[in-house]
1. Determine the percent antiparallel among the DSSP beta bridges restricted to chain A, to the nearest 5.
2. Treating only the Cβ atoms of Lys and Arg (+1) and Asp and Glu (-1) as charged, compute the dipole magnitude of chain A about its Cα centre; round to the nearest 20 debye.
3. Just to confirm my numbers, what's the Cα centroid distance between segment B:52-128 and segment A:234-249 in Å?
4. Would you mind classifying chain A by shape? Square roots of the alpha carbon gyration tensor eigenvalues, ordered a ≥ b ≥ c; an a/c under 1.5 is rounded, otherwise it is prolate if a/b is larger than b/c and oblate if not.
5. With every protein chain kept in place and ligands, DNA and RNA left out, what is the accessible area per residue of segment B:3-214? Probe 1.4 Å, answer in Å².
6. Would you please name the trypsin sites (Lys or Arg not before Pro) within segment A:1-79 that are DSSP coil residues with at most 16 other C-beta atoms within 10 Å of their C-beta?
7. Determine the relative contact order of segment A:97-214: mean sequence separation of Cα pairs under 8 Å and six or more apart, normalised by residue count, in whole percent.
8. Within 10 Å of each candidate Cβ there may be at most 11 other Cβ atoms; applying that plus a DSSP loop requirement, which trypsin sites (Lys or Arg not before Pro) in segment A:98-147 survive?
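The values are calculated or read from the model by the stated rules, or taken from the named source; none is laboratory data. All values derive from a computational prediction rather than experimental measurement. Here Cβ is always computed from backbone atoms with ideal geometry, including for glycine, and neighbour counts include all displayed protein chains. The protein model used for the area step is the full one, side chains on, heavy atoms only, and it has no ligands, DNA or RNA in it. Shrake-Rupley method; radii C 1.70, N 1.55, O 1.52, S 1.80 Å.
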Amino acid sequence: MKQEVILTTKNLKKSYDNEQLVLKDMSFSLEKGEVVVVVGPSGCGKSTFLRCLNMLEPIDSGTISFKDQVIERDRKDAYTIRQKIGMVFQSYDLFPHLTILGNILLAPLKVQKREKQELIQEAEQLLKRVGLLDKKDAYPRQLSGGQKQRVAIVRALMMHPEILLLDEITAALDPEMVREVLQVVLELAKEGMTMVIVTHEMEFAKAVSDRVLFMDQGLVVEEGKPEDFFTSPQTERAKQFLNTFHYEAI
Amino acid sequence: MDFEFIRGNVPLYVEAAGITLRISFLGILLSTVIGLLCSLVKVFKIPVLGFVVNCYIEISRNTPLLIQLFFLYFGLPKLGIVLSSEGCAITGLAFLGGSYMAEAFRTGIEQVPKIQTETGLSLGLTKWQVFLHIILPQAIATSVPVFCANIIFLIKETSVFSAVALADLMFVAKDLIGIYYKTDEALFMLVTAYLMILLPISLLCSWVERRVRYAEFGNSSAVPGK
């Protein structure tokens with residue numbers, strides 16, 4: 001059965017300061033309900049790719065389309081499309097001057113102009129699900145990294161995005177907090193949330209993804225189902241990369 | 001020390017302190033508005049206005065207030081613009097203070113990490129909404145210490161206003177010295193008057209600074225991905 005394609009990029013090229021190309025030629029499409037994990041060595045352009053999808057970075061050439069509509073960074077409708085593409089970043093970047101509830105409600109209140117009471121109910125339900133209902137009136141500084149990151153996910157979900165982009169959301173966390181965050185993402189995947197995830201957690205990638213993109217030097221080097229990619233990678237570069245995660249006993 | 005003389009002249013000082021306070025208040029209020037507008041022009045890098053604001057800030061910060069006042073009081077009338085002593089004082093203070101306030105706010109705004117803007121944008125907020133609801137509250141909190149220091153600096157600067165015949169504290173003290181030659185008493189009262197104005201403001205500022213410390217926390221220093 002053919003699923004609906006909701007996000008595509010064609011021949012995306014991107015450089016910083018007109019120097020070396022960070023993204024050389026990215027063509028990509030994402031189906032509704034699909035979870036794509038992007039892996040690759042540092043500096044391969046995977047974070048840049050994600051940032052381009054949300055129009056946080058200008059692109060040099062190529063196109064990005066959301067449901068057959070070409071999106072551009074400088075156009076007015078960038079704001080309306082961004083509402084449908086949620087993003088969570090590596091640094092748990094909650095707004096420090098607002099409470100947890102304030103953080104979560106800001107965008108739905110100001111952008112979608114929804115009813116406050118209804119929003120509070122929805123926020124409380126989501127906070128309960130990630131186990132943080134008792135923190136709703138706390139300030140971000142009173143939370144641990146893992147808790148902040150779970151709030152950041154809830155904040156993104158409150159906008160009812162059709163796609164969620166997760167940019168190394170556990171990279172800045174202490175190891176024991178990684179699981180509590182990834183658990184939330186796994187549940188979202190189970191519920192059918194469409195996601196593009198950049199991560200260095202290979203076990204998690206294997207568990208959560210429908211498809212894996214392996215990037216190196218601004219290109220997709222290999223693409224495949226997680227069970228194939230992680231057990232028998234085809235390219236030499238991917239084999240090398242996956243080997244760095246294995247340790248031999250001394 | 002002639003305490004009888006001091007007691008007798010208290011009302012004179014109280015009246016003068018009133019003028020000093022009024023000028024300070026209006027001047028600082030205007031400075032804040034000018035500063036906020038100028039910092040916005042600089043932060044949003046508005047083309048032509050940006051250049052004008054830069055010129056203003058350099059002129060204002062690199063000339064003494066006394067010279068600025070002389071220009072307003074003696075120079076402008078030659079161009080057909082006549083300001084009262086009070087008008088001169090307020091305009092002069094606002095002209096000087098505006099640039100200091102602009103720099104205070106600009107630093108505050110620039111200290112908010114870029115990721116905060118990106119997070120706001122990715123939630124679908126417009127640039128202006130991001131500025132209003134996310135950047136500005138944090139920027140104000142970080143600007144508070146410099147803002148407070150500026151207030152105290154500007155109130156102290158008002159002591160040059162007697163040069164344009166404004167009957168402020170300094171003016172009254174100089175007057176008393178000139179008429180009665182009671183230098184010690186007049187200066188003692190002058191210092192006391194300034195302390196009575198500035199100490200409470202200074203204490204209030206420290207209190208406010210402690211209240212807004214939240215802005216120092218919760219910010220992550222991590223940089224966005226490459």
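1. 55
2. Rounded to the nearest 20 debye, it is 780 debye.
3. First find each Cα centre; the distance between them is then 59 Å.
4. oblate
5. I get 51 Å² per residue for this part.
6. Counting only loop positions with at most 16 other Cβ atoms within 10 Å, the trypsin sites (Lys or Arg not before Pro) in segment A:1-79 are A:LYS2, A:LYS32, A:LYS67, A:ARG73, A:ARG75, A:LYS76.
7. Computed value for segment A:97-214: 25 percent relative contact order.
8. A:LYS113
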